[in-house]
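S.K.: Sharing a structure with you now.
The values are calculated or read from the model by the stated rules, or taken from the named source; none is laboratory data. Every value quoted in this text rests on a predicted model; they were computed, and no experiment measured them. Counting neighbours? That spans all protein chains shown, and the Cβs are built from the backbone with ideal geometry, glycine included. Heads up: the accessible areas ignore ligands, DNA and RNA and are worked out on the full protein's heavy atoms, side chains in. Shrake-Rupley method; radii C 1.70, N 1.55, O 1.52, S 1.80 Å.
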Amino acid sequence: MSLTFHWFLPTNGDSRHVVGGGHGAPVTAAGGDRPPTVGYLTQIARAAEHLGFVGALTPTGAWCEDAWLTTAMVSQNTERLKFLVAFRPGFVSPTLAAQMASTYQRQTGGRLLLNVVTGGESHEQRGYGDFLDKDARYARTGEFLSIVRDLWDGKTVDLAGEHLRVEDAKLTRLPDPVPQIYFGGSSPAAGQVAARHAEVYLTWGEPPAQVARKVAWIRSLAAEQGRTVRFGIRLHVITRDTSDQAWAEARRLLDGFDPETVRAVQTGLGRSESEGQQRMLALHGGSLDNLEIHPNLWAGIGLVRGGAGTALVGSHAEVAERIAEYHSVGIDEFIFSGYPHLEEAYWFGEGVLPLLHDRGLWSHPFRTQAQPPTVQARFATSGRP
């Protein structure tokens, strides 16, 4: 089985420095270096498509551009790349969301994937008119996905749930294919929703031993539901020709962190209701020391950014080895990003993916005849990855 790789569309802006945002953290000034225009995001999407990424994750929240609208526009400038659209089910009716997804599939040739985000921060949810607490939000998400899945199956739905109610709901045109559901969360309530509804359970980049425990947890819950679930991980990446070059880049990013910004971001993230966010914070404790928490796993990004806060850092061979390590504990899909996203896509796509191809762990999803050249062949022809 070939591993699946996705990239990231920075709809909060891009830079050669880390751009903050998410889970209550403000977007840092670096987000204005490369504004998230359709033109720039299209450059990233086309690069990802060319290099062999299957899809691109687009975030959701008040700190970034709307994912549905942005990806719909970018999709018209790409051919095969799928879009992993993050959205919050409490902000739109399930029937409308099912219809939107169906339309998206027809207008893009079936290139929609859905990342369902329940929402971990009550203060942000209230800004959108959602006043449920965290556990109630997960319960509503479960009802939401039950309705949406029945609609996609062509059923007429009547449901009077604790949080949602629909009568005689149906779609006149069904999505083809039905979008796959990606879902993450570290709380018990999140686990139950993932077990019942997710095709892919997502975790942020914790060390492999911790990820293995999450995989076992969700796999067990899904088995109780008579289901199987695939597993994915969300990480940043800094990969270079040599390990020294990669760590020099990590140090450059760290040197760009303003201490006051770090303190402010950490204070804000410390109030997060998200169990996953708290697990990210525990990896570095707000300290700039000892940030390599596992070989080639660096927690520095999380000092100024909410959500995914760890990066794989090292030579192309080292990063490939860490990917293989995560695969050994059950991870089959990887969602990567890097600063800036255009250049880092090429570093990873030209440096790491050929190594994984040579190991039999990856094949280019859009090339049916000619496979990527081996590492040895690329050096012979181009002199560099």
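S.K.: Could you say which residue among 98, 45 is assigned to a helix (DSSP H, G or I), modelled with pLDDT of 95 or more, of a type outside the set (Phe, Trp, Tyr) and more than 29 Å from residue 147 (Cβ to Cβ)? It would help to see each step written out before you state the result.
M.R.: Working: 98 fails: more than 29 Å from residue 147 (Cβ to Cβ).
The conditions single out 45.
S.K.: So in region 18-38, with the set limited to residues that are of a type in the set (Gly, Ala, Ser) and surrounded by 21 or more Cβ atoms within 10 Å (Cβ to Cβ), which one is modelled with the lowest pLDDT?
M.R.: Quick first cut of region 18-38, residues of a type in the set (Gly, Ala, Ser) only: 20-22, 24-25, 29-32.
Then keep just the ones that are surrounded by 21 or more Cβ atoms within 10 Å (Cβ to Cβ); that gives 20-22, 24-25, 31.
Working: 20: 86, 21: 84, 22: 80, 24: 66, 25: 74, 31: 88.
Restricting to residues being of a type in the set (Gly, Ala, Ser) and surrounded by 21 or more Cβ atoms within 10 Å (Cβ to Cβ), the top hit is 24.
S.K.: Additional query: If I go through region 239-260 residue by residue, how many of them are more than 14 Å from residue 314 (Cα to Cα) and surrounded by 18 or more Cβ atoms within 10 Å (Cβ to Cβ)?
M.R.: Count: 2.
S.K.: Which residues, counting only those in region 20-42, are small (Gly, Ala, Ser), part of a loop (DSSP other than H, G, I, E, B) and over 16 Å from the mean Cα position of the chain (by Cα)? Working first, answer last.
M.R.: Taking region 20-42 and keeping what is small (Gly, Ala, Ser), we get 20-22, 24-25, 29-32, 39.
So of that shortlist, the ones also part of a loop (DSSP other than H, G, I, E, B) come out as 20-21, 24.
Listed by number, the list holds a single entry, 24.
S.K.: Ok, one more. Scanning region 114-137 for residues that are open to solvent by less than 10 Å² (accessible area, probe 1.4 Å) and touching a strand residue (DSSP E or B) at 6+ places or on another chain (Cβ under 8 Å), which turns out farthest from residue 73 (Cα to Cα)?
M.R.: Looking at the filtered set, the residue picked out is 116.
S.K.: Out of region 48-62, which residues are modelled with pLDDT of 95 or more, more than 13 Å from residue 337 (Cβ to Cβ) and under 17 Å from the mean Cα position of the chain (by Cα)?
M.R.: 49, 52, 54
S.K.: Considering (1) in a helix (DSSP H, G or I); (2) under 24 Å from residue 7 (Cβ atoms), say which one residue 201 fails and leave the rest.
M.R.: Exception for residue 201: condition (1).
S.K.: How many of the residues in region 217-237 are touching a residue at least 24 places away in the same chain (Cβ under 8 Å) and assigned to a helix (DSSP H, G or I)?
M.R.: The number of residues fulfilling the criteria is 6.
S.K.: So which residues in region 69-81 are surrounded by fewer than 21 Cβ atoms within 10 Å (Cβ to Cβ), of a type outside the set (Ser, Thr, Tyr) and within 12 Å of residue 108 (Cβ to Cβ)?
M.R.: 72, 73, 76, 77, 79, 80
S.K.: Please verify whether residue 80 is of a type in the set (Lys, Arg) and either touching a residue at least 40 places away in the same chain (Cβ under 8 Å) or in contact with a Phe, Trp or Tyr (Cβ under 8 Å, 6 or more places away or on another chain) (or both), treating the condition exactly as stated. Give the steps one after another, and end with the answer.
M.R.: On the way: of a type in the set (Lys, Arg): yes; either touching a residue at least 40 places away in the same chain (Cβ under 8 Å) or in contact with a Phe, Trp or Tyr (Cβ under 8 Å, 6 or more places away or on another chain) (or both): yes.
It is true that residue 80 is of a type in the set (Lys, Arg) and either touching a residue at least 40 places away in the same chain (Cβ under 8 Å) or in contact with a Phe, Trp or Tyr (Cβ under 8 Å, 6 or more places away or on another chain) (or both).
S.K.: Evaluate the following for residue 4: is it of a type in the set (Val, Ile, Thr), under 29 Å from residue 364 (Cβ atoms) and either at pLDDT 95 or above or open to solvent by 50 Å² or more (accessible area, probe 1.4 Å) (or both)? Give the derivation first.
M.R.: Working: of a type in the set (Val, Ile, Thr): yes; under 29 Å from residue 364 (Cβ atoms): yes; either at pLDDT 95 or above or open to solvent by 50 Å² or more (accessible area, probe 1.4 Å) (or both): yes.
Against the criterion (of a type in the set (Val, Ile, Thr), under 29 Å from residue 364 (Cβ atoms) and either at pLDDT 95 or above or open to solvent by 50 Å² or more (accessible area, probe 1.4 Å) (or both)), residue 4 qualifies.
S.K.: Would you mention how many residues in region 301-347 are assigned to a helix (DSSP H, G or I) and among the aromatic types (Phe, Trp, Tyr)? Write out each step before concluding.
M.R.: If we filter region 301-347 for residues that are assigned to a helix (DSSP H, G or I), which is where we start, we get 301-303, 316-328, 341-347.
Next, only the ones that are among the aromatic types (Phe, Trp, Tyr) stay: 326, 346-347.
The total comes to 3.
S.K.: Among the residues of region 139-152, is there at least one that is under 27 Å from residue 71 (Cβ atoms), over 23 Å from the mean Cα position of the chain (by Cα) and either touching a residue at least 60 places away in the same chain (Cβ under 8 Å) or exposed (fewer than 13 other Cβ atoms within 10 Å of the Cβ) (or both)?
M.R.: no
S.K.: All but one of (1) free of Cβ contacts under 8 Å to residues at least 60 places away in the same chain; (2) outside any strand (DSSP E or B) hold for residue 85; state the number of the condition that does not hold.
M.R.: (2)
S.K.: Looking at the structure I just gave you, is residue 104 among the hydroxyl-bearing types (Ser, Thr, Tyr), surrounded by fewer than 21 Cβ atoms within 10 Å (Cβ to Cβ) and either in contact with an Asp or Glu (Cβ under 6 Å, 6 or more places away or on another chain) or in contact (Cβ under 8 Å) with a residue 24 or more places away in the chain (or both)? I'd like the intermediate steps shown before the answer.
M.R.: Values: among the hydroxyl-bearing types (Ser, Thr, Tyr): yes; surrounded by fewer than 21 Cβ atoms within 10 Å (Cβ to Cβ): no; either in contact with an Asp or Glu (Cβ under 6 Å, 6 or more places away or on another chain) or in contact (Cβ under 8 Å) with a residue 24 or more places away in the chain (or both): yes.
Judged against the criteria, residue 104 is not a match.
S.K.: Pairs, please: C-beta under 7 Å, at least 6 apart or cross-chain, first residue among the basic types (Lys, Arg) and in region 306-322, second in a loop (DSSP other than H, G, I, E, B)?
M.R.: 322/296
S.K.: Follow-up. Here is a list of conditions, (1) touching a residue at least 40 places away in the same chain (Cβ under 8 Å); (2) of a type outside the set (Gly, Ala, Ser); (3) open to solvent by less than 40 Å² (accessible area, probe 1.4 Å), and residue 41 meets all of them except one; can you say which number that is?
M.R.: Checking residue 41 against (1) touching a residue at least 40 places away in the same chain (Cβ under 8 Å); (2) of a type outside the set (Gly, Ala, Ser); (3) open to solvent by less than 40 Å² (accessible area, probe 1.4 Å), the one that fails is (1).
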